[in-house]
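Shown next, in structure tokens, is the structure this report addresses.
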Amino acid sequence: MLTLPGDLIISAVAPKNDAQGRPIHMELCASCDAGDTDRPAAGLLLQFFADGGGQDETRAPEAAHLMMEWTKECMAAHGWYWQETPPDQP
């Protein structure tokens, strides 16, 4: 994803590399992700920030939920899926 200065809102590096051994960067970009119907969680998180949610600490639970949904969406794009409980250990 190519982003222009000021467009990148969130950037994170996934805990695993891609198939070629390169780090996977999860990025939220206002100009790249707004209106992308394949990325509904990204759009909702962008709207949260556009509405000033990032400046309102009373909206922290909403922020946490939206961040988790965005993270799951980013992970799914790379074939990973969130597991709510750890697997049983042998």
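FYI, it's all coordinate maths here, none of it is from the lab. The structure presented is a predicted model; accordingly, all values stated were derived computationally and were not measured. Cβ sites come from the backbone with ideal geometry, for glycine too, and all protein chains shown count toward neighbours.
Some notes on this structure:
- Gain on full extension, evaluated as 0.36 nm per residue between LYS16 and ALA77 minus their Cα-Cα distance, stands at 20.6 nm.
- Tilt relative to the chain, helix 40-50 - C-alpha long axis, 0 to 90 degrees, to 10: 40 degrees
- Sites GLU69 and PHE49 - FRET efficiency at Förster radius 22 Å, r taken between beta-carbons, to 0.05: 0.95
- The chain: angle of helix 60-77 to the longest principal axis, Cα-based, in degrees nearest 10: 50 degrees
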